[in-house]
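A.B. asks: Just dropping this structure here.
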Amino acid sequence: MSAGVGVDLENLWIRFGDFVAVRDANVNIKGGDFFSFLGPSGCGKTTILRAVSGFLDPSEGNVLIGGNNMQGIGPNKRPTALIFQNLALFPLMKVWENITFSMEIQGASARERRKRADELLDMIALPGQGDKLPSELSGGQKQRVAIARALCAEPDVLLLDEPLSALDLKLRQHMRTELREIQQRVGITFIYITHDQGEALTMSDDIAVMRAGVIDQIGDGKTIYNDPSTAFAASFVGENNVFRGKVSKIIGNEALISTNRSGELHARISTANQGKLQVGDDAMMFIRPEALSLAPTGTQGDHYVTAQVNHEEFEGNTYNIFTEGDGGKEIKISIPNLGQSFDDHTGQPITLEYDVSNAVVVPAGELASE
Amino acid sequence: MPGFLKEFFNRNGTLMGSIMLGLVLFWVIGLIILPQLSMLDFSFRPNLPPPEIGGPKDVYTLENYKYLIYGPEGGSQDYNAVDLAVFYRTLVAAVLVTLFNLAFCYPIAYYLGQTKGNHIRIFALMLIIPYWINEILRAFALRIIFGETGVFNTLLVGSGIFDTPFDFIRNDVALYAGLGYAYILLMIFPIYNVIESLDHNQIEAARDLGAPWWRIHWRVVIPYAKPGISSGCTMVFMLSAGALAAPQILGGPSSLWFTQLIYQQFNDNSDWPQGAAYAIVLLVTCILLVLAVMRLFKVNMGDIGK
Amino acid sequence: MNPDKIIRYSIWIYLAIFFAYLLGPLIIMSATAFNSPGFPRMTPWECLTFDWFGALFRDERILNGIWNSVLVGIGTVIMSVSMGLAGALMLTQIWPKLRATYYTIIIAPILIPGVVLGISTLVFWDRINRMLGLGADSFLSNGLFLTIIGQSTFIASYCMLVLVARLQRYDMTLTEAALDLGATHAQAFRKVLMPFMFPAIASAGVLAFLASFENYNTTTFTFGEYPTLTIELAQKVRYGITPAISALAFMIVALTVFFALVNEANIKRKALIAEARKDATVGELAGKVEVPGFLSRNPAAIALIVLLIGTATVVGSAMAYSPDQCIAGVQEQKRLETERRIQELRDQRAKDAAEKSQQEGGAETQSTPKPSNNSGFGSVFAPGTLEGSDSDAGDAAPTDSGGNNSGFGNVFDPNALQNDDN
Ligand SMILES: Nc1ncnc2c1ncn2[C@@H]1O[C@H](COP(=O)(O)OP(=O)(O)OP(=O)(O)O)[C@@H](O)[C@H]1O
Ligand SMILES: [Mg+2]
């Protein structure tokens, strides 16, 4: 299969009465991509997916699939297949009937259907289980049947609504690789919804970070992780330490922030905000735990932070140090365990060092709640 | 097209949506609302032979309602004592039947709702089976029992309590027994449904606190079962006030039920408007009574039929 | 006795009274179908007879009533199940502010007296009929149509309640999944929603049929040329009752019990299968379901079989058994009883006459021996005495039975005489 069919959202608004569930979303999803919407519960991810699959009419704006405006085209006429958050397997149909439901609709014979079902069952590693009822399958098996059912319809775009959320951790991680493999094999566009950033980062080509109906940032995993454009994106994806303050000086693409607790600190302005952030603006600076390292005590400078250690923990691959931070939040430092000796710093002041390119400044904004 | 309709058709498709909407509209408007309104309208018209309907004489009048209160014009009495008495008696008797049913059915509903075991299914089956049997036949069964040579009279006379057969029918005993009998199930099921969902621990807790059984019922079970009780009482009251078969078969020759008057107006006197007026009076009075009682006990319409 | 025991006993007494009230009338009524007197009664028990069933099946009006009831029932089931389903679906989707009002309206027909429904149906369609300028024989004033419409008004509400209960457990995303996979709305309805709703639709259909079958209050205003069974029964019951009605009632009771047991056995069987399925692996499933069999742990199925055997026995013996002998015997007894009364009367008269004649001076003493003979008739009810009294009855009957015994014509049929001669 070639490039596949892309999906575009243009100025998409969706309202339920007075409540705005999706606010002015603009997204271009390339054909054949694995695209994820990442956001906390209730931020409007399912709503967007329902608009793409045709169960919801946008209040404003357009949904384009393969460049065609989908306005007025019902869900059964769109080249999409949706895997529901609760899977929605037909409880009274056997597994093979479930999988080939789309063929039954088109009037395929039972023989053809059985044959196709067997192929798909092989693909999802459930050979010979076609005669069971969905209620007789395990969670992960149901999951795979739902995927097979959707694939059987040969959609151009597969929409997946948190399909792994009901599974346990082990299975979830296994299914991640499996899903990615399937996507690469069939080569169609996947639009994936999740509130789990690990899922989004490992599987996706591109990610859209959503907050309360608004899309904060779109980019590939590295960009989202290393170069967040909002405080929400920075705090929602991965672990991050926040330093609040005001911009005191701008030097090209970098800035000095006078922080509330740690003096003046130097950091890089995130790409999306370069040229927009002004001196005097409220800002937040983010540094990942793994980007901080220990420096000789008492070292001064605009990329050194002094702090009091609250406690420490050993996580196997890292040593974690927690120091008192800003606004009730601790600062976390992760030091890779390379077999070196490690002193206990609890209760002592320490000095932390970071590389300016690893500290990102964004305008002050809402943080993701834990 | 208003938003609601648009969404409705979106969700159900044009074909299925239209069928659904058509059926619902036909039912709600064509079968429920319009017939009632048309009966209401009819009750305000004079009784005319078909050719004159819609003619100059077809004007609105209160005649039919006046008739219920004052009787025929130029009649010997000031009030229509006969019909009013029947009306009054019907309502009072319906209330009594309802209360009797409540008292009689509450214990079994409670028992079925709070007891576990296989015999409960059997009991439930035994409860339901009589209700699969024709209303007329149930009344007929009671007539056999209460007849002059029925089981009761044989027992009573045989054991020497009475020396002549007691006329259960003329004394309306058969009628009340029959009305009570007819609607037992409609009283039991709503109460049972509610009580079944009552957590038995609540009762245990009350018992632990030393409450006597009647207080447990009064303070815990009955307040909880109130929606079921009101639902059951409403249905039994409405149905017994509107019963026709039981009074016709089990009623004494001298004591009429109000529905029998309606029936006579329609079938014997061919006075449809008059019958419609009586039906309206019955319907409105019953509804008002039920609403008043529901307000008194603070229950909602939504609880009915659960 | 401790209070706990008292409570337990009173519960059982209460249950006994309750079920006696509930089931007693039906049992007694059923029993009267097998007793020979022309008025349905259980006491005194005279003769076991199956004749009332014959009488029932010869009754044209009853048969016609059953046919009409079935027609009305089918129409009502179709109308009310589809309206009830549409109403239930609408209830789950309707704009929340309208929901309470809507619910009140569609539940109201349950509470409106049937009489009122019948009248309003009649009046409304009569008016429509007139507005359209149709005659009295138009479709809209057809009894079948009116009855179906009138009954469906409230039966649809019952169906709606049954269907809503199931619909609440339906996951609306299933329909969406079907649509998403390319089904039209009609296909999604037929292939996904309907199979799920089927059990409830079946119960609603049965419920609707039964409710229609037994409806009287509404039908009595609308039936027109199509009297249903209930209407015919009501006519009969109001103007003279016979055990043929008991026979019908008995058959309905038996059928009801039969279907209730079938249903119960079926439910139980499914539960057993489900249980077996749960702990069976796929391989042993097929075997395991059949091994426990249809009967084990299934009391309803056993009761069902007992009932079937019972029915077969009864029907079998009904074929072979003839109650004529017994009936003749009882009638003979009755006749003799009458005879005895007459004799007593005569006796009395004779005595009076004798007294008179004694007073007058003693003529006509001839008739006195006979009364003294007949005083022994008190023992007539012992079977043995029948033969002895034979000759006496033989010559008494033709002369005296005349007006008194007119109800018992078949005393004189050949069988009866043979019996007497033996
Ligand atoms: N039909 C509806 N009517 C009114 N509000 C709705 C409707 N559907 C969704 N919402 C609201 O829109 C918001 C977004 O809902 P949505 O289902 O898209 O969340 P989500 O991002 O998928 O969350 P989750 O991760 O928990 O599934 C929620 O606040 C929800 O309450
Ligand atoms: Mg969701």
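The values are calculated or read from the model by the stated rules, or taken from the named source; none is laboratory data. Note that the structure is a prediction, hence the values are computed from the model and not measured. Don't worry about glycine lacking a Cβ; one is built from the backbone with ideal geometry, like all the others, and counts go over all protein chains shown. These area figures cover heavy atoms from the full protein model, side chains too; ligands, DNA and RNA do not enter into them. Shrake-Rupley method; radii C 1.70, N 1.55, O 1.52, S 1.80 Å.
A.B. asks: What residue, among those in the stretch A:170-185 that are in contact with a strand residue (DSSP E or B) (Cβ under 9 Å, 6 or more places away or on another chain) and open to solvent by less than 40 Å² (accessible area, probe 1.4 Å), is nearest to ligand 1 (Cβ to nearest atom)?
C.D. replies: Among those residues, the one meeting the criterion is A:Leu179.
A.B. asks: Assess whether A:Ala291 counts as being assigned by TED's automatic domain parsing to the domain that holds A:Phe243, open to solvent by less than 50 Å² (accessible area, probe 1.4 Å), out of contact with any helix residue (DSSP H, G or I) (no Cβ under 9 Å at 6 or more places or on another chain) and not acidic (Asp, Glu).
C.D. replies: no
A.B. asks: Conditions first: (1) within 13 Å of chain C (Cβ to nearest Cβ); (2) in contact with a Gly (Cβ under 7 Å, 6 or more places away or on another chain). A:Val52 passes all but one, so which condition is the exception?
C.D. replies: It fails just one condition, (2).
A.B. asks: Among (1) open to solvent by less than 40 Å² (accessible area, probe 1.4 Å); (2) more than 9 Å from chain B (Cβ to nearest Cβ), where does C:Leu179 come up short?
C.D. replies: (2)
A.B. asks: Before we move on, is A:Asn226 of a type outside the set (A, V, I, L, M) and over 30 Å from A:Gly187 (Cβ atoms)?
C.D. replies: No, not satisfied.
A.B. asks: A further question on this structure: Residues that are within 28 Å of the chain's Cα centre (by Cα) and within 21 Å of A:Phe236 (Cα to Cα), at least 2 per element: which strands (runs of 3 or more DSSP E) completely within the stretch A:301-370 meet that?
C.D. replies: A:318-323, A:331-336, A:359-363
A.B. asks: Take the stretch A:254-273 and flag every residue that is open to solvent by 40 Å² or more (accessible area, probe 1.4 Å) and within 27 Å of the chain's Cα centre (by Cα).
C.D. replies: A:Arg268, A:Thr271, A:Ala272, listed by residue number.
A.B. asks: Sticking with this structure for a sec: Give the residue, chosen from A:Ala231, A:Ala212, that is within 16 Å of ligand 1 (Cβ to nearest atom) and more than 25 Å from A:Leu158 (Cβ to Cβ).
C.D. replies: Testing whether each residue is within 16 Å of ligand 1 (Cβ to nearest atom) and more than 25 Å from A:Leu158 (Cβ to Cβ) leaves just A:Ala212.
A.B. asks: Name every residue in the stretch A:14-37 that is polar (S, T, N, Q) and within 14 Å of ligand 2 (Cβ to nearest atom), in order of residue number.
C.D. replies: Of everything in the stretch A:14-37, just one residue is polar (S, T, N, Q) and within 14 Å of ligand 2 (Cβ to nearest atom), namely A:Ser36.
A.B. asks: Next question. Going through the stretch B:105-148 one residue at a time, which ones are under 16 Å from C:Val237 (Cα atoms) and not aliphatic (A, V, I, L, M)?
C.D. replies: Hits for the stretch B:105-148 are B:Asn134, B:Glu135, B:Arg138, B:Phe140, B:Arg143, B:Phe146, B:Gly147, B:Glu148.
A.B. asks: Can I ask one more? Assuming A:Lys249 fulfils every condition listed in (1) surrounded by 15 or more Cβ atoms within 10 Å (Cβ to Cβ); (2) more than 24 Å from A:Ile350 (Cα to Cα); (3) touching a strand residue (DSSP E or B) at 6+ places or on another chain (Cβ under 6 Å) apart from one, which condition is it?
C.D. replies: Looking at each condition in turn, A:Lys249 falls short on (1).
A.B. asks: Sort through A:Asp326, A:Asp355 and tell me the only one that's closer than 27 Å to A:Asn253 by Cα, at pLDDT below 85 and surrounded by 11 or more Cβ atoms within 10 Å (Cβ to Cβ).
C.D. replies: Step by step, each of A:Asp326, A:Asp355 is checked, and only A:Asp326 is closer than 27 Å to A:Asn253 by Cα, at pLDDT below 85 and surrounded by 11 or more Cβ atoms within 10 Å (Cβ to Cβ).
A.B. asks: Would a scan of the stretch B:149-156 turn up a residue that is surrounded by fewer than 16 Cβ atoms within 10 Å (Cβ to Cβ), free of Cβ contacts under 8 Å to residues at least 12 places away in the same chain and farther than 27 Å from C:Ile231 by Cβ?
C.D. replies: yes
A.B. asks: Being crowded, with 24+ Cβ neighbours inside 10 Å and of a type outside the set (Lys, Arg) narrows it down to one of C:Gly114, C:Gly135, so name that one.
C.D. replies: Answer to the check: C:Gly114.
A.B. asks: Looking at the stretch C:204-215 only, could you name the residues that are small (Gly, Ala, Ser) and within 12 Å of chain B (Cβ to nearest Cβ)?
C.D. replies: Hits for the stretch C:204-215 are C:Ala211, C:Ser212.
A.B. asks: What are the pairs, 6+ residues apart or on separate chains, where a residue within the stretch A:129-156 that is on the phi < 0 side of the Ramachandran plot has its Cβ under 6 Å from a residue that is of a type in the set (Phe, Trp, Tyr)?
C.D. replies: Note: pairs meeting the criteria are A:Gly130/A:Trp96.
A.B. asks: May I ask you to list the residues in the stretch C:237-255 that are more than 7 Å from chain B (Cβ to nearest Cβ) and open to solvent by less than 50 Å² (accessible area, probe 1.4 Å)?
C.D. replies: C:Gly240, C:Pro243, C:Ala244, C:Ser246, C:Ala247, C:Leu248, C:Ala254
A.B. asks: Give me the pairs, please: first residue somewhere in the stretch A:38-51 and closer than 14 Å to A:Val157 by Cβ and more than 10 Å from ligand 2 (Cβ to nearest atom), second residue anywhere and modelled with pLDDT of 90 or more and open to solvent by less than 10 Å² (accessible area, probe 1.4 Å), beta-carbon distance under 7 Å, and either six or more positions apart or on two chains.
C.D. replies: Note: pairs meeting the criteria are A:Ala51/A:Leu12; A:Ala51/A:Ile14; A:Ala51/A:Val63.
A.B. asks: Please determine whether any residue of the stretch A:86-108 is open to solvent by 40 Å² or more (accessible area, probe 1.4 Å) and under 27 Å from the mean Cα position of the chain (by Cα).
C.D. replies: yes
A.B. asks: For A:Leu38, indicate whether it is within 13 Å of chain C (Cβ to nearest Cβ) and either within 16 Å of ligand 1 (Cβ to nearest atom) or more than 22 Å from A:Ser204 (Cα to Cα) (or both).
C.D. replies: No.
A.B. asks: To continue, here is another question. Taking the stretch C:92-139, which residues are closer than 24 Å to B:Asn12 by Cα, more than 7 Å from chain B (Cβ to nearest Cβ) and not in a helix (DSSP H, G or I)?
C.D. replies: Residue satisfying the conditions is C:Ile94 alone.
A.B. asks: Any residue in the stretch C:232-239 that is assigned to a loop (DSSP other than H, G, I, E, B) and under 30 Å from C:Ser30 (Cα atoms)?
C.D. replies: yes
A.B. asks: If I filter the stretch A:62-84 for residues that are within 26 Å of B:Phe8 (Cβ to Cβ), within 16 Å of ligand 1 (Cβ to nearest atom) and surrounded by fewer than 22 Cβ atoms within 10 Å (Cβ to Cβ), do I get at least one hit?
C.D. replies: no
A.B. asks: Further question on the same structure: Which of the residues spanning the stretch C:182-198 are within 12 Å of chain B (Cβ to nearest Cβ), in contact with a Leu (Cβ under 7 Å, 6 or more places away or on another chain) and surrounded by fewer than 17 Cβ atoms within 10 Å (Cβ to Cβ)?
C.D. replies: C:Ala186
A.B. asks: Next up: So A:Leu167 passes all but one of these: (1) among the hydrophobic types (A, V, I, L, M, F, W, C); (2) away from ligand 1 (no atom under 16 Å from the Cβ); (3) open to solvent by 10 Å² or more (accessible area, probe 1.4 Å); (4) more than 14 Å from chain C (Cβ to nearest Cβ). Which condition number does it fail?
C.D. replies: Only one criterion in (1) among the hydrophobic types (A, V, I, L, M, F, W, C); (2) away from ligand 1 (no atom under 16 Å from the Cβ); (3) open to solvent by 10 Å² or more (accessible area, probe 1.4 Å); (4) more than 14 Å from chain C (Cβ to nearest Cβ) is unmet by A:Leu167, namely (2).
A.B. asks: Let me ask something else about it. Filter the stretch A:62-82 for residues that are in contact with a helix residue (DSSP H, G or I) (Cβ under 9 Å, 6 or more places away or on another chain), in contact (Cβ under 8 Å) with a residue 24 or more places away in the chain and more than 12 Å from ligand 2 (Cβ to nearest atom) and give the result.
C.D. replies: The answer is A:Val63, A:Ile65, A:Arg78, A:Thr80, A:Ala81.
A.B. asks: Here is a follow-up. Checking the structure you have, find out if any residue of the stretch B:157-180 is under 26 Å from C:Pro299 (Cβ atoms) and modelled with pLDDT of 80 or more.
C.D. replies: No - not one qualifying residue is present in the stretch B:157-180.
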